[in-house]
Structure formats: structure tokens, C-alpha cells
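The values are calculated or read from the model by the stated rules, or taken from the named source; none is laboratory data. Since the structure is predicted, the reported quantities are computational estimates derived from the model, not experimental observations. FYI the Cβ positions are ideal-geometry reconstructions off the backbone, even for glycines, and counts take in every protein chain you see.
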Amino acid sequence: MSFHPEMSHDEIARAKLEVLRREHRDLDEAIAALATQVGASSLTLQRLKRQKLSLKDRIARLEDELTPDIIA
């Protein structure tokens, strides 16, 4: 029998954050590559840019969740 320790909420959130950041970078590279192609579909570029913006919003929410509130 193997033991699988549970991940904490913060560990899960940090793992998700890393995946989202990687997806964001990949989309950025795809957008840059597509933008250099002659005859690239502007509709596809718009869709990819919307996806990238959505990922950015999800990343920001996760970062806010992981950052402790500091009362000055």
C-alpha cells in the first residue's frame, strides 16, 4: 500500500498558477508566431488574444488568493 499525502490548498493553488503561467507564455508565443505569418486569420488572432487575457485574469485572481492581506 502506498501513502499519498494530501496537498494543501496553497500547494494546489501554486501548482495551478504555474500551469496557467505556462499556458499564458505558450499563447503569447503562438500569437507572436501567427502575427508574423502572411495571411494569418485575424479572427484566430483575436480568439487567442481573448484566451490570453482570460488566463491573465485567472492568474491575477490566484495570485491575490495566495497573497496574504497586510493591514498597515
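Just to be sure I understand, how many residues within region 27-45 are surrounded by 11 or more Cβ atoms within 10 Å (Cβ to Cβ) and not small (Gly, Ala, Ser)?
6
Filter region 50-72 for residues that are charged (D, E, K, R) and either in contact with a Cys (Cβ under 6 Å, 6 or more places away or on another chain) or touching a residue at least 12 places away in the same chain (Cβ under 8 Å) (or both) and give the result.
Hits for region 50-72 are Lys52, Lys56, Arg58, Glu63, Glu65.
Any idea how many residues of region 26-63 are under 29 Å from Ile12 (Cβ atoms), out of contact with any helix residue (DSSP H, G or I) (no Cβ under 7 Å at 6 or more places or on another chain) and among the polar types (S, T, N, Q)?
1
Check region 7-17 and report whether any residue there is surrounded by 11 or more Cβ atoms within 10 Å (Cβ to Cβ), basic (Lys, Arg) and touching a residue at least 24 places away in the same chain (Cβ under 8 Å).
Within region 7-17 (the criterion being surrounded by 11 or more Cβ atoms within 10 Å (Cβ to Cβ), basic (Lys, Arg) and touching a residue at least 24 places away in the same chain (Cβ under 8 Å)), the answer is yes, since at least one residue qualifies.
Okay, residues lined up against (1) out of contact with any His (no Cβ under 8 Å at 6 or more places or on another chain); (2) modelled with pLDDT under 95; (3) assigned to a loop (DSSP other than H, G, I, E, B):
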{"position": "Leu17", "(1), (2), (3)": "yes, no, no"}
{"position": "Arg21", "(1), (2), (3)": "yes, no, no"}
{"position": "Glu29", "(1), (2), (3)": "yes, no, no"}
{"position": "Gln46", "(1), (2), (3)": "yes, no, no"}
{"position": "Ile59", "(1), (2), (3)": "no, no, no"}
{"position": "Asp64", "(1), (2), (3)": "yes, yes, no"}
{"position": "Ile70", "(1), (2), (3)": "yes, yes, yes"}
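Given the structure, is Lys52 within 18 Å of the chain's Cα centre (by Cα), at pLDDT 95 or above, farther than 21 Å from Thr67 by Cα and surrounded by 11 or more Cβ atoms within 10 Å (Cβ to Cβ)?
In short, yes.
Applying the selection to region 1-49, what residues are β-branched (Val, Ile, Thr) and closer than 30 Å to Pro68 by Cα?
Ile12, Val19
Of these, Leu66, Leu20, which one is surrounded by 14 or more Cβ atoms within 10 Å (Cβ to Cβ) and in contact with a helix residue (DSSP H, G or I) (Cβ under 6 Å, 6 or more places away or on another chain)?
Just one listed residue meets the conditions, Leu20.
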